[in-house]
Amino acid sequence: MEVKRIGINEAQSGMLVAKDVYNDSGQLLFPAEARLTEKAVTRMRFHAVPFITIYIEESSHDIDDGVDELSFFEKLRETEEFNEFNEQFTDAATTFEQEILRVLNEGGDADSMTLSNGVKKILGSCRSGIQVFDLLHCTRTYDEVIFAHSLNVAIISAVLGGWLGFSNADIETLILCGIYHDIGKLSIPKEIVDKAGPLSPEEYEIMKGHTTEGFKILKDKNLDKRVKLTALLHHERMDGSGYPLGVKGDKIDRFTRVVAIADVYEAMTAPRKYRKAGCPFEAVRIFESNGLAMYDTAYLLTFLEHITMCYMGYRVRLNDGSIGTIVYMNKQEESRPMIKVGSEYINLFKNPDLYIEEIL
Ligand SMILES: [Fe+2]
């Protein structure tokens with residue numbers, strides 16, 4: 001059978017490994033002639049293994065050579081997996097948009113089951129929480145920002161709920177909380193909602209009204225009360241600094257706390273028509289420096305830890321232009337991991353002037 005060398009970021013469970021995989025110190029990480037597992041790939045990423053050699057089988061034909069000029073995300077965009085994800089995402093967003101507009105125009109209830117099934121289908125097609133974030137990083141096709149954002153927030157909330165140990169039933173509710181959280185934006189003038197630049201103070205005051213407007217739209221609908229409350233309270237903060245009511249801590253339930261984190265993370269990182277995807281490490285840095293008092297601390301720390309672990313072994317560019325691989329996460333500051341550049345190890349935790357600018 002023919003063999004091929006691939007980048008570790010293309011390694012997928014099920015692939016048949018053709019050569020033993022060792023770490024830098026010569027320890028055998030994975031034997032030849034065995035099939036990869038998700039755990040083995042994570043372990044290889046952990047040890048910063050850059051490439052592995054696999055057998056080319058029927059299912060791996062569409063994988064590019066690992067050593068070329070395309071970035072990981074560019075390559076991902078060309079895969080069958082991404083096409084499938086993108087199709088399901090567009091389907092779910094279209095259904096969501098049609099369903100909501102129908103309810104707003106004709107009254108009645110939205111078909112929540114269909115909406116949450118759309119999200120579950122998207123999640124089911126992804127191998128793990130890790131890959132969902134990679135795929136979300138690449139989507140930028142759906143035009144209506146409110147619907148794409150809400151769908152993304154529903155997906156991220158469901159993944160975070162899983163990391164936090166929420167039950168399946170609670171994750172279903174979380175999905176609906178995410179889907180409906182910004183519904184009130186449909187009552188705000190479109191030129192304000194779609195404005196690419198910063199809002200004026202007056203526009204910002206109008207925009208804040210999407211919380212109470214959302215609650216008004218949902219309050220008489222046949223929906224879980226936590227879904228309605230999330231629409232009202234997802235901009236409230238644990239320290240009382242949020243809006244519209246300025247309530248604190250225990251007045252904000254755990255569903256809203258999850259959506260609040262997912263909402264802000266999505267806004268910072270997701271690609272939009274007018275900008276490319278934001279760097280997850282920059283978002284993590286902002287959460288670390290400003291977010292601990294504003295969000296549920298335990299939820300936020302779980303989120304940041306998992307998100308950054310998703311990128312273990314990924315290639316990154318630092319702000320000084322150097323390119324390296326993430327090899328170790330610093331628990332004290334997740335946004336500042338250890339990077340291997342050539343044969344040198346750079347600990348960002350000890351180099352405050354350096355930071356990750358882009359994931360490649
Ligand atoms: Fe919002």
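Any read-out appearing in this document is the output of simple, stated calculations on the displayed coordinates, not a laboratory observation. This one's a predicted model, so the numbers in the text were calculated from it and none came from an experiment. Note: ideal-geometry Cβ built from the backbone for every residue, glycine included; neighbour counts use all protein chains shown.
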Length gained, residue 330-residue 169, 0.36 nm per residue minus C-alpha separation, equals 54.6 nm
Between residue 113 and residue 250, what FRET efficiency comes out of the Förster formula 1/(1 + (r/R0)^6) with R0 = 51 Å and r the beta carbon distance, rounded to 0.05?
-> 0.95
For residue 344 and residue 222, compute 0.36 nm times the residue count separating them, minus their Cα-Cα distance, and round to one decimal in nm.
-> 38.1 nm
Mean Cα-pair separation over length for the stretch 77-278, i.e. relative contact order, pairs under 8 Å, 6 or more apart, % = 20 percent
Of 228/248; 276/331; 4/75; 120/251, those spanning more than 21 Å from alpha-carbon to alpha-carbon | 276/331; 120/251
Evaluate the relative contact order of the chain (contact order divided by residue number), counting alpha-carbon pairs under 8 angstrom at least 6 apart; express in whole percent.
-> 13 percent
For 180, 355, 311, 345, order by how many other beta-carbon atoms lie within 10 Å, fewest first | 345, 355, 311, 180
Grab every C-alpha pair in the chain, bin the distances at 20 angstrom width from 0 up to the longest one, and report whole percents.
-> 28, 55, 16, 0
Lys, Arg +1 and Asp, Glu -1 on Cβ, resulting dipole of the chain about Cα centre, debye, nearest 20 = 940 debye
Which value in nm describes the separation of the simple spin-label points at residue 206 and residue 83, placed 7 Å from the Cα toward the beta carbon?
-> 4.3 nm
Label-point gap, in nm, between residue 24 and residue 104 - each point 7 angstrom along Cα→Cβ | 5.4 nm
Computed label-point distance, nm, for sites residue 196 and residue 297 using a 7 Å Cα→Cβ extension | 4.1 nm
Between rounded, prolate and oblate, where does the stretch 77-278 land on the alpha carbon gyration tensor, with a ≥ b ≥ c its root eigenvalues, rounded for a/c under 1.5, else prolate if a/b exceeds b/c?
-> rounded
Arrange the following residues from fewest to most other Cβ atoms within 10 Å of their Cβ: 263, 320.
-> 320, 263
Under 12 Å Cα-Cα from residue 225, which aspartates and glutamates qualify once same-chain neighbours fewer than 8 residues away are excluded?
-> 253
Exposure proxy check on 202, 357, 81, 236: fewest-to-most Cβ neighbours within 10 Å is 202, 357, 81, 236
GNM result for the chain, Cα springs below 10 Å: residue of 200, 116, 167 fluctuating most strongly = 200
